[in-house]
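The values are calculated or read from the model by the stated rules, or taken from the named source; none is laboratory data. If you're wondering where the values come from, they're calculated on a predicted model, not measured in any experiment. Note: ideal-geometry Cβ built from the backbone for every residue, glycine included; neighbour counts use all protein chains shown. Note: accessible area is taken over every heavy atom of the protein model, side chains too, but ligands, DNA and RNA are not part of it. Shrake-Rupley method; radii C 1.70, N 1.55, O 1.52, S 1.80 Å.
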Amino acid sequence: MRHLIDITDLSIDEIDRILDLADDIIANGPKYAHVMQGKKLATLFFEPSTRTRLSFEAAMLELGGSVLGFSEAQSSSAAKGESVSDTVRTVSCYADIIAMRHPKEGAPMAASRKLAVPLINAGDGGHCHPTQTLTDLLTIRREKGRLGGLTVGMCGDLKFGRTVHSLLNAMSRYQDVKFVLISPEELRAPGYVTAMLQNCGAAYREMTSLEEAMPHLDILYMTRVQRERFFNEADYIRLKDTYILTARKLESAKADLSILHPLPRVNEIATEVDDDPRAVYFKQVYYGKIVRMALMMTMLGVKA
């Protein structure tokens with residue numbers, strides 16, 4: 001039994017095996033329809049979510065399992081003052097595996113101690129989001145056929161963006177991946193993230209211009225500026241529309257560029273881009289369900 005708190009908890013070989021299983025689920029869905037019969041997933045979401053919570057629940061249901069849990073802290077005993085650790089330990093008596101989201105960095109790690117069932121971090125504050133990273137990796141591999149030898153642009157909120165931090169941690173371990181980090185000065189990637197890139201020898205550039213970076217990118221990973229991470233409303237309003245991807249800005253992009261976004265989208269991708277065949281962010285949502293099916297099967301040792 002093990003937990004998934006950070007994407008680095010998985011080796012590259014383990015990631016590749018999860019992605020291979022996801023590919024097989026896509027190709028041979030019916031054979032997986034009952035593999036989780038009798039298994040229960042608990043989704044403990046102390047912070048609002050649509051895609052992550054529902055994709056976990058849909059994943060377990062499609063595997064023949066069942067789901068319990070809550071979608072906000074106010075509907076749990078946390079509203080009465082119960083500690084996160086006690087809540088999770090209690091719920092572990094009712095479920096075989098737990099997916100947990102929390103606004104505080106490190107909360108899933110603290111909650112996983114003394115647990116007798118696997119816990120999956122479904123996002124903790126601005127720290128990391130390993131299952132979104134698996135989603136992103138599956139999307140990129142299915143679009144490009146590989147995870148190495150790519151130039152990946154990350155655009156938007158690179159300071160608080162847990163999805164960005166997790167994806168950088170994962171893709172920096174693949175061969176010949178170059179990163180272009182595009183953000184306003186105030187939302188640059190934290191020092192510990194760039195230090196990680198330096199330590200593993202990954203090539204990266206920091207820029208403020210999306211237009212300048214565009215012609216060189218194989219992957220463009222757009223992110224929203226996250227209102228909930230700001231302490232100052234004026235700073236959020238000043239920065240929120242720094243980057244807006246439009247059809248015109250894509251004129252200089254490669255014909256086989258893939259545009260990803262962890263969603264929700266606010267203003268950072270114009271809806272006109274949705275019809276561009278290079279926009280794969282709604283495919284990405286589908287792949288999120290599939291890869292969570294593969295991950296839960298792997299963590300529970302279930303085979304088709």
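Hey, among Leu263, Leu257, which residue is modelled with pLDDT under 95 and either open to solvent by less than 60 Å² (accessible area, probe 1.4 Å) or polar (S, T, N, Q) (or both)?
Numbers: Leu257 fails: modelled with pLDDT under 95.
Exactly one of Leu263, Leu257 is modelled with pLDDT under 95 and either open to solvent by less than 60 Å² (accessible area, probe 1.4 Å) or polar (S, T, N, Q) (or both), namely Leu263.
I need a count of the residues in region 229-248 that are modelled with pLDDT under 95 and in a helix (DSSP H, G or I). Don't jump to the end; show me each part of the working.
Of the residues in region 229-248, the ones modelled with pLDDT under 95 are 229-244.
The next check asks that each one be in a helix (DSSP H, G or I); those that pass are 229, 233-239.
Going through region 229-248 one residue at a time, the tally reaches 8.
Among the numbered criteria (1) out of contact with any strand residue (DSSP E or B) (no Cβ under 6 Å at 6 or more places or on another chain); (2) modelled with pLDDT of 90 or more, which single criterion is violated by Gly126?
Of (1) out of contact with any strand residue (DSSP E or B) (no Cβ under 6 Å at 6 or more places or on another chain); (2) modelled with pLDDT of 90 or more, only one is false for Gly126: (2).
Quick check: anything in region 146-169 within 24 Å of Lys283 (Cβ to Cβ), among the charged types (D, E, K, R), touching a strand residue (DSSP E or B) at 6+ places or on another chain (Cβ under 9 Å) and buried (at least 23 other Cβ atoms within 10 Å of the Cβ)? Show your work before the answer.
Initially, region 146-169 is screened for residues within 24 Å of Lys283 (Cβ to Cβ), giving 146-158, 161-169.
The next check asks that each one be among the charged types (D, E, K, R); those that pass are 146, 157, 162.
Those still in the list that are touching a strand residue (DSSP E or B) at 6+ places or on another chain (Cβ under 9 Å) too: 162.
Remaining after also requiring buried (at least 23 other Cβ atoms within 10 Å of the Cβ): 162.
Yes, because at least one residue in region 146-169 is within 24 Å of Lys283 (Cβ to Cβ), among the charged types (D, E, K, R), touching a strand residue (DSSP E or B) at 6+ places or on another chain (Cβ under 9 Å) and buried (at least 23 other Cβ atoms within 10 Å of the Cβ).
Looking at Ala27, Ala58, Ala110, Ala116 in this structure, which one is out of contact with any helix residue (DSSP H, G or I) (no Cβ under 8 Å at 6 or more places or on another chain), touching a residue at least 24 places away in the same chain (Cβ under 8 Å) and open to solvent by 30 Å² or more (accessible area, probe 1.4 Å)?
Working: Ala27 fails: touching a residue at least 24 places away in the same chain (Cβ under 8 Å); Ala58 fails: out of contact with any helix residue (DSSP H, G or I) (no Cβ under 8 Å at 6 or more places or on another chain); Ala110 fails: out of contact with any helix residue (DSSP H, G or I) (no Cβ under 8 Å at 6 or more places or on another chain).
Selected residue: Ala116, the only one of Ala27, Ala58, Ala110, Ala116 that is out of contact with any helix residue (DSSP H, G or I) (no Cβ under 8 Å at 6 or more places or on another chain), touching a residue at least 24 places away in the same chain (Cβ under 8 Å) and open to solvent by 30 Å² or more (accessible area, probe 1.4 Å).
Any residue in region 200-218 that's part of a loop (DSSP other than H, G, I, E, B): show its pairings with residues that are surrounded by 14 or more Cβ atoms within 10 Å (Cβ to Cβ) and of a type in the set (D, E, K, R) at Cβ separation under 8 Å, as long as the two are six or more apart or on different chains.
Listed pairs, sorted by first residue: Cys200/Arg173; Ala202/Lys178; Leu217/Lys254; Asp218/Lys144; Asp218/Lys254.
For region 1-16: of the residues being β-branched (Val, Ile, Thr) and part of a helix (DSSP H, G or I), which is surrounded by the fewest Cβ atoms within 10 Å (Cβ to Cβ)?
As a first pass, look at region 1-16 and keep what is β-branched (Val, Ile, Thr): 5, 7-8, 12, 15.
Remaining after also requiring part of a helix (DSSP H, G or I): 7-8, 12, 15.
On the way: Ile7: 25, Thr8: 13, Ile12: 11, Ile15: 22.
Among those residues, the one meeting the criterion is Ile12.
For region 176-190, give me each residue that is of a type outside the set (A, V, I, L, M, F, W, C) and either at pLDDT below 95 or surrounded by 21 or more Cβ atoms within 10 Å (Cβ to Cβ) (or both). Spell out how you get there, then give the answer.
Of region 176-190, the ones of a type outside the set (A, V, I, L, M, F, W, C) are 176, 178, 183-186, 188, 190.
Hits for region 176-190 are Ser183, Pro184, Glu185, Glu186, Arg188, Pro190.
Being open to solvent by 20 Å² or more (accessible area, probe 1.4 Å), assigned to a loop (DSSP other than H, G, I, E, B) and either touching a Lys or Arg at 6+ places or on another chain (Cβ under 9 Å) or among the hydrophobic types (A, V, I, L, M, F, W, C) (or both) is the filter here, so list the residues in region 266-292 that pass it.
Residues satisfying the conditions are Val266, Asn267, Ala270, Arg278.
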